[in-house]
1. For Trp174, what residues show an amide H to amide H distance below 5 Å, using hydrogens built from the backbone and excluding near sequence neighbours?
2. Kindly rank 269-279, 344-354 from highest to lowest mean number of other beta carbons found within 10 Å of each residue.
3. Report, to the nearest whole %, how much of the accessible area of the stretch 305-344 belongs to carbon and sulfur atoms, 1.4 Å probe, protein only.
4. So with the 1.4 Å probe, I'd like the accessible area per residue for the stretch 277-335, rounded to whole Å².
5. Express the accessible area of the stretch 167-241 per residue in Å², computed with a 1.4 Å probe while the remaining protein chains stay in the model.
6. How large, in percent, is the carbon and sulfur part of the accessible surface of the stretch 109-266 at a probe radius of 1.4 Å?
7. How do the peptides 176-182, 429-435, 82-88 rank, highest first, by the average count of neighbouring beta carbon atoms within 10 Å per residue?
8. Apply 1/(1 + (r/R0)^6) to the Cβ-Cβ distance of Tyr230 and Gln333, taking R0 = 35 Å, and write down the FRET efficiency to the nearest 0.05.
Amino acid sequence: MSSPNVEDATTHQPESKRQKTTTLVVPREEEEKEDVHDLMRPYYASLFPAKALFEWLNYGYFDDDLDTKKGCNRTTMEHLHHPSNREFCLTLKGDVFVRYNAYATAEELKRDVKTKVPGKIDIGPVFSHNPRNRLAYAANFKPVERELVFDIDMTDYDDVRTCCDAAKICPKCWPLMNCAVKVLDEGLREDFGFEHILWVYSGRRGIHAWVCDERARKLSDDERSAVAEYFSVFKGIEGGGEKKKTNLSFAKGVMAKMHPRLERAYENVLKPFWKKEFLPAQKLMESKKHLDIILSMIPDENVRSQAEFDFKNDKKPKPSIDGDVDLNTWRWQRIEKNVEKALKTKYGWELARCLQVIIFSHVYPRLDAEVSKHMNHLLKAPFCVHPKTGRVCVPIDPSKCDEFDPFSSDAPKVRDLLQEYKKFGADENAVKKTAMGKALGTFERCFFSKLKVANGEILARKIREANEEKSVLNESNNANHHSMEF
């Protein structure tokens, strides 16, 4: 068993996403030739927004003006939430995982990361007791609160990408991440009523979501699993990618329809994305391998034969008839028309839904559901630096995710940030002028400003309830005291 102090180091992999064993090479973005780790120390010392991170994760409970603003002292608030019960895991050089770190202030957090220079910072749950002292509480030490998190990794789309594989990404496949943001963000807000969702670029090949509503933070593991399963339509692949499994549920009969959530995602996001962006970018209809997989999901021999004829004879659209249309989109449109034609003579439930199944199995968000299911799962912190690419894990505006470019200053490199910081005067004002200032602006505008308002309302209610409880207890004690006097 590890010791309980802050230097609790272990070489065991943490409960965050397990690292892939594939070689990571990113098109248009070679791994940094200089040692990124050497740049992290000045970054953590001057640019790392520890205060913003700490304020977010404490949900306003220890506001400096708490006493005067809300008429309640810190002692009254102790039982509601304690910031030093939040776990941070630091990954040091040599893949040494230092777990169960905890900090009472943003200054403590910043001082520790500046000293230890972690290659990665993971955030865990709020525990019932300070993680440093966990051994003293044994079975009573348990997670009590944690954001509902989602992790989407581009490597999970390898079977549908023709441009890249493994950890490589490029502008042709990155839009899959934008598609995922749109589907999940709308589903979380519309179907579950969540409001405070932080989307973050992982620094290399994926995206993370942090759902921070109080209701989400209090979910049990079973409830988290239910939410994760709700969004887990894609269920994996078999036979080297030749057979894709989905969990699409339809009502039976001639008027069979998908769940309204899936219908909405299909019509508003998936279908337009598939035809206008994904097919032209990945050229699936020009690849024998990928075309065969698509056709294997169509239960009509005539439709399959016509598509195979188009491929073998290199049939192409005629501008005078078909207009300016991409070859892949055109071939898909011909499949759509042939399916519609087949349905007029022999209606079948599988035939009626096959096109939807194909699209869902290719471009619907592919979650790492295990990350979402457990309260004590670690996830990489926003604003830390990816040790391979040197890029900072910055927030993404979900309403403008199509504009986010992971190969540009939208996802700034630590080397460029330090140069900008020096250029603009190397002080607090200089940070605002760098790309980090833009990232912090996105964090505030798209997420934190509204969360702070909600935090204030929740805290006011809890303080009122705590004071009322204290008042009732005092009155009860006074009554007991008077009765004893008689």
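The values are calculated or read from the model by the stated rules, or taken from the named source; none is laboratory data. On a predicted model such as this, the values are computed, not experimentally measured, just so you know. Note that we place each Cβ from the backbone using ideal geometry, even for glycine, and neighbour counts take in every protein chain shown. SASA here: full protein model, heavy atoms, side chains in, ligands and nucleic acids out. Shrake-Rupley method; radii C 1.70, N 1.55, O 1.52, S 1.80 Å.
1. Placed amide hydrogens put nothing under 5 Å from Trp174.
2. Packing proxy ranking, top to bottom: 269-279, 344-354.
3. 46
4. On a per-residue basis, 52 Å².
5. Here the per-residue accessible area is 32 Å².
6. Accessible surface attributable to carbon and sulfur in the stretch 109-266 totals 50 percent.
7. 176-182, 82-88, 429-435
8. Details: r = 32 Å, r/R0 = 0.91.
Between Tyr230 and Gln333 the formula returns 0.65.
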